[in-house]
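For reference, the structure is listed below as structure tokens.
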Amino acid sequence: MSAFGLDVLDEGNVKVIAGYFGALCIFAGAVLRPVGGAVADKIGGVRSLYYFYGLVALLVIINATMSLPFGVAILVLFLIMASLGMANGSVFQLVPQRFGKDIGIMTGIVGCAGGLGGTALIQTLGWSKGAFDGYTAGFLIFALVVFVAISGISLVKTRWRTTWGVQAGGRI
């Protein structure tokens with residue numbers, strides 16, 4: 001940790017610095033949502049979700065299974081949150097195509113799901129740390145959830161393409 005000078009800080013200062021790094025990761029997820037929407041506009045929402053969720057799954061597994069130096073771990077967490085933010089932008093590219101008549105409620109539901117997902121991630125990592133004195137189990141559970149999301153997209157994409165993709169005139 002000496003690369004960041006954290007070895008000389010007391011516990012209170014480390015928590016403050018950890019908060020700054022957490023805020024940086026959250027900032028990445030929020031600011032990069034429009035980038036995800038733009039990518040979805042170019043290549044399609046479903047395809048972009050595959051890319052973003054695939055990257056999240058890979059990075060989460062790396063974080064869970066490898067002992068990374070502090071700076072690299074922060075970078076990986078930053079990239080995870082950035083990818084989740086861009087995936088969120090991709091979802092919002094799909095919502096008006098699929099739920100044009102109910103867009104208000106659906107964007108509310110998607111936003112709610114994102115907030116609950118973020119809370120669940122924090123709770124799962126906290127549980128993992130308390131139960132196992134580490135975050136590996138929490139990250140692996142999160143990877144499993146991402147694989148469930150990828151599977152869910154795979155199950156519905158064909159039906160979406162045949163029932164509303166042609167009508168939408170855009171990429172799904």
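Coordinate-derived values only; no laboratory data. Remember, it's a predicted structure, so these values are computed and weren't measured experimentally. All Cβ positions, glycine included, derive from the backbone under ideal geometry; neighbour counts span all protein chains shown.
A few notes on this one:
- Proxy reagent accessibility, fewest Cβ within 10 Å first, across 151, 67: 67, 151
- FRET efficiency, 1/(1 + (r/R0)^6) with R0 30 Å, evaluated for residue 65 and residue 112 via beta carbons: 0.45
- For region 120-132, 3J(HN,Hα) per residue [Karplus equation, 6.51 cos²θ - 1.76 cosθ + 1.60, θ = phi - 60°, Hz, x = Gly/Pro]: 5, 4, 4, 5, 5, 5, x, 4, 4, 5, x, 7, 10
- Scaling against 2.2 N^0.38 Å puts the C-alpha radius of gyration of the chain at 1.15.
- Relative exposure of 86, 106, 66, judged by other C-beta atoms within 10 Å (fewest first): 66, 106, 86
- Taking every alpha-carbon pair within region 70-142, the share separated by more than 18 Å comes to 53 percent.
- Subtracting the Cα-Cα distance of residue 35 and residue 103 from 0.36 nm times their residue separation leaves 22.4 nm of extension gain.
- Mean-square fluctuations from a GNM of the chain, with a 10 angstrom spring cutoff on Cα atoms, peak among 70, 147, 139 at 70.
- Relative contact order, percent, the chain [alpha-carbon distance under 8 Å, six or more residues apart]: 30 percent
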